[in-house]
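Contents: one structure, followed by commentary.
The values are calculated or read from the model by the stated rules, or taken from the named source; none is laboratory data. Just so it is clear, the model here is predicted, and its values are computed rather than measured. Quick reminder, even Gly has a Cβ in these numbers, built from the backbone with ideal geometry, and neighbours come from all protein chains shown. The protein model used for the area step is the full one, side chains on, heavy atoms only, and it has no ligands, DNA or RNA in it. Shrake-Rupley method; radii C 1.70, N 1.55, O 1.52, S 1.80 Å.
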Amino acid sequence: MEIIDQDIRQWDADDVKEQFGDSLTLLPSNDNIKELQTILRDKNTSRSDFKFYADRLIRLVIEESLNKLPYTECEVVTPTGAIYKGLKYGAGNCGVSIVRSGEAMEQGLRDCCRSIRIGKILVESDTDTHEAHVVYAKFPEDIARRQVLLMYPIMSTGNTVKQAVNVLKQHGVKEERIILSNLFCTPAAVQAVVDHVPKMKILTSELHPVAPNHFGQKYFGTD
C-alpha cells in the first residue's frame, strides 16, 4: 500500500543543488503543479481524469526540458519591416521514449516541436534476478549528432534509465547531450543515475521516496 507521509522531506532548489549539483532540476513548484501531482497519486482518480491531468503535467515538464536545449541568436524581419533580435533552437534535437510508460510523453513533445523525430527503447527486467536489460532500440540514424530528450515519467530505482543511457552511448550519444524528462522520481533513483552518468541532465516535477508506479497502467488503461 502506498502511504504518503506529509512529514516527508520537501525538496527545494537549494536542497537539490547541495545533494545533486547541476545534474538535477526540479520543475518550479506552485499550487497548480501540486494539485496535478495530487490528482495523479489519488487512487480514486478516474482513468479519463488521470490521463487529462497527466497530459497537463507532461506538457509542463516537456516545456521546461526544451528550455535546457541549446539556442542560438538570430534576427528576423517583422511584418512592419523592423528587425527583431531573438533566439532559435540549435539544429538536431530528437526525443527517445522508454517503452511503455515513456510513450505517454511523446504527444506532449510533438505538441511543442512539430515534426520532431522520436526513437524508442524497450527495457525489461529479468523475472528471477530483476536485472534490467534492453531488448529493443530504434533511433534516428544520426542520433549521435543530436540533442536527446529521454522520456520516462516514473523513476523508482534508476536501473531502467541507466540501461537506456548505456544504449544511447553505444550509439555515439554523449551523456552531456542527454536530458531526462521525468514526472516523478525517488532520491535514491536520482543518486544512482547521477553516479552512473554525472554529465546527463535530469528534470523532474517531484522528488519523493514513494513513486506512483501505477502511472503506466493507469494512463494506458491496463490496470
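Assorted remarks:
- For region 101-109, the condition holds for at least one residue, the condition being that it is open to solvent by less than 30 Å² (accessible area, probe 1.4 Å) and polar (S, T, N, Q).
- The set of residues in region 82-99 that are open to solvent by 50 Å² or more (accessible area, probe 1.4 Å) and at pLDDT 90 or above comprises I83, Y84, K85, L87, K88.
- Scanning region 56-69 for any residue that is without any contact (Cβ under 8 Å) to a residue 40 or more places away in the chain and either open to solvent by less than 80 Å² (accessible area, probe 1.4 Å) or in contact with a strand residue (DSSP E or B) (Cβ under 7 Å, 6 or more places away or on another chain) (or both) turns up nothing.
- Which numbered condition A211 misses (of (1) free of Cβ contacts under 8 Å to residues at least 60 places away in the same chain; (2) closer than 25 Å to R59 by Cβ; (3) more than 15 Å from the chain's Cα centre (by Cα)): (3)
- Members of region 100-113 that are closer than 22 Å to A144 by Cβ and either modelled with pLDDT of 95 or more or among the aliphatic types (A, V, I, L, M) (or both): G102, E106, L109
- Set side by side, the residues K201, K174, K169 differ, and just one is open to solvent by 40 Å² or more (accessible area, probe 1.4 Å), touching a Leu at 6+ places or on another chain (Cβ under 8 Å) and either at pLDDT 95 or above or aliphatic (A, V, I, L, M) (or both), which is K201.
- Of all residues in region 44-55 being surrounded by fewer than 17 Cβ atoms within 10 Å (Cβ to Cβ) and without any contact (Cβ under 8 Å) to a residue 24 or more places away in the chain, the one that is farthest from K68 (Cα to Cα): N44
- Residue in region 183-192 that is farther than 23 Å from E103 by Cα, touching a strand residue (DSSP E or B) at 6+ places or on another chain (Cβ under 6 Å) and at pLDDT 95 or above present: yes
- Test: E73 is touching a Leu at 6+ places or on another chain (Cβ under 7 Å) and exposed (fewer than 14 other Cβ atoms within 10 Å of the Cβ): yes
- Among the residues listed as T186, T222, the single one being open to solvent by less than 20 Å² (accessible area, probe 1.4 Å) and either within 23 Å of V135 (Cα to Cα) or touching a residue at least 24 places away in the same chain (Cβ under 8 Å) (or both): T186
- Entry remark, region 117-131: residues being open to solvent by less than 30 Å² (accessible area, probe 1.4 Å) and more than 19 Å from Q217 (Cα to Cα) number 1 in total.
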